[in-house]
There are 2 protein chains.
Amino acid sequence: MPKPEILDPQGKAIVGALPRLGFDAFSGVRQGKRFELTVDGEVNDAVLAQAREAAETLLSNPVIEDVVNVQVVED
Amino acid sequence: MPKPEILDPQGKAIVGALPRLGFDAFSGVRQGKRFELTVDGEVNDAVLAQAREAAETLLSNPVIEDVVNVQVVED
């Protein structure tokens, strides 16, 4: 997700559009990215550590984005 | 997230780049979007239903994207 101090123009546009479309419950919106990494076999600690490092170095831009969550989802 | 039958060129590019950077545990990557909606006050069922409807109609493109998860996160 964009860091709190970074302006998020897409989020601002969405929060302006929501009430015009009848969604009046929300005071703020921020837009970020979500990645699904497929692992063949078991997700052990080493794989999870690799996923965390990839998220922090390759999948996100650490200058402007924070990694919010890395979790295992069974398929 | 992009629907399974939709090609995801960004994901393909990432899955090609991962092993070159030392991340060898992943066989597939798909890239989608993540939104944080701020609610002032309590998140009741009505607000959550509104968030779900917004996710399915405004925040995602239902032709090519699926809503994967709508959940409440305390701040």
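Here's the yes/no breakdown for (1) more than 10 Å from every other protein chain (Cβ to nearest Cβ); (2) modelled with pLDDT of 95 or more; (3) more than 18 Å from A:Val15 (Cα to Cα):
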{"residue": "B:Ser27", "(1), (2), (3)": "no, yes, yes"}
{"residue": "B:Arg30", "(1), (2), (3)": "no, yes, yes"}
{"residue": "B:Leu58", "(1), (2), (3)": "no, no, no"}
{"residue": "B:Asn69", "(1), (2), (3)": "no, no, yes"}
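Remark: pairs (first residue in segment B:33-51, free of Cβ contacts under 8 Å to residues at least 60 places away in the same chain; second residue part of a helix (DSSP H, G or I) and surrounded by 13 or more Cβ atoms within 10 Å (Cβ to Cβ); Cβ separation under 6 Å; 6+ apart in sequence or on different chains) = B:Phe35/B:Leu59; B:Leu37/B:Ala51; B:Val39/B:Val47.
Yes/no matrix, rows are residues, columns are (1) assigned to a strand (DSSP E or B); (2) assigned by TED's automatic domain parsing to the domain that holds B:Val67; (3) more than 22 Å from B:Val67 (Cα to Cα):
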position: B:Ile6; (1), (2), (3): no, no, no
position: B:Gly16; (1), (2), (3): no, no, yes
position: B:Pro19; (1), (2), (3): no, no, yes
position: B:Gly22; (1), (2), (3): no, no, yes
position: B:Phe26; (1), (2), (3): no, no, yes
position: B:Leu48; (1), (2), (3): no, yes, no
position: B:Thr57; (1), (2), (3): no, yes, no
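The values are calculated or read from the model by the stated rules, or taken from the named source; none is laboratory data. Small disclaimer: the values here were computed from a predicted structure and weren't measured. Methodologically, a virtual Cβ is constructed for each residue, glycine included, from the backbone with ideal geometry; neighbour enumeration extends over all protein chains shown.
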